[in-house]
Amino acid sequence: MKIGLVGEAPNDTASIKNLLSKQYHDKDFIFENMLDNITGSQLDNKYTETLLRLENQFKRPDLIIFIRDLDSLWSDNGQRFKRKRYFVKNNNIVQRISIPLLHVYEIEALIFADIDTFNKMYGTTILQHENVSQIVEPKEVLLRETKYKYSESHNAKIFDKLNFHNLLECNYFKTFIENFEKATT
């Protein structure tokens, strides 16, 4: 099964590719980045929609995962509505073969779900959070706590080491995995 990854590339797409490849190594999944070198705001423009349509026709994935950061807490209804519109519009572009992965606040929230791994990598002592979706600007917290040794360009390597089962403590990620497993069976 060919699974396309659309999101901020390469930082977010490579991170999710590493995480899912490690967890589903026994499946016949091929994870493939789509729309390389795209940043968050570029995901919303018409040119990117055209590229997505063409790349979908050329690569012909069986499933596409649209990866976005909410850039807000879940309680921000306006921001959630904006992201929902993005997912619906792009799902239509790819003939409804996609599922969304919406990170609350940012993808870095998932790192907090397995903060012990991050602490070992960076020699930090960041405390575990009860609900990682409640961390405002998790990327900035990681930057400060590591005295700016951490960079979002490190995420692919970090996600390759994270304990998948710890990440399932994060509600939005657990829901995504349930949807992913339904879509791939």
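Read the figures in this text as sums done on the coordinates, not as results from a lab. Fair warning: this is a prediction, and the values are worked out from it, not measured in the lab. For neighbour counting, all protein chains shown are included, and Cβ atoms are generated from backbone atoms with ideal geometry for every residue, glycine included.
Taking label points 7 Å from Cα along the Cα-to-Cβ direction, LYS84 and LYS157 give a separation of 4.0 nm.
If the reach is capped at under 17 angstrom between alpha carbons, list the lysines near LYS161, excluding any in the same chain fewer than eight residues apart. Counting by Cα, and skipping residues close in sequence, LYS161 has these lysines nearby: LYS17, LYS22, LYS120. For ASP69, nonlocal amide neighbours, meaning residues 5 or more places apart or on other chains whose placed amide H falls under 5 Å from its own, are HIS103. Only aspartates and glutamates eight or more places from LYS139 in sequence, or on another chain, were considered; those with a Cα closer than 18 Å are GLU8, ASP12, ASP69, ASP71, GLU106, GLU108, ASP114, ASP116, GLU130, GLU152, ASP160. Between region 1-63 and region 93-153, what's the alpha-carbon centroid distance in Å? If we compute the Cα centre of each part, the gap is 20 Å. The charge dipole of the chain, taken about the Cα centre with unit charges on the Cβ atoms of Lys, Arg (+1) and Asp, Glu (-1), comes to about 480 debye, rounded to the nearest 20.
When the chain is described by a simple charge dipole with +1 on each Lys and Arg Cβ and -1 on each Asp and Glu Cβ, the residue from GLN95, GLN134, ILE65 located farthest towards its positive end is GLN95. Which helices pass in the chain if a helix is a full DSSP H run, must span at least 15 angstrom along its long axis by Cα, and must have mean Kyte-Doolittle hydropathy not below -1.0? The answer, listed by residue number, is 11-23, 171-183. Site pair GLN57 and LEU143 shows an inter-label distance of 4.0 nm when each label is modelled 7 Å from Cα along Cα→Cβ.
Charge tally for ASN131 (other residues, Cβ to Cβ under 13 Å; Lys, Arg +1; Asp, Glu -1): -1. For the pair ASN179 and HIS25, the difference between a 0.36 nm per residue extended length and the Cα-Cα distance amounts to 53.6 nm. Remark: the ASP36-MET1 segment gains 10.6 nm on full extension, using 0.36 nm per residue and subtracting the alpha carbon distance. Computed extension length for LYS46-PHE164: 39.0 nm, one decimal, from 0.36 nm per residue of separation with the Cα-Cα distance subtracted.
The share of Cα pairs per 5 Å bin across region 52-185, counted from zero up to the longest distance, runs 2, 10, 18, 20, 18, 15, 10, 5, 2, 0 percent.
The lysines within cross-link reach of LYS46, meaning a Cα-to-Cα straight distance under 16 Å and a gap of 8 or more places when in the same chain, are LYS82, LYS89.
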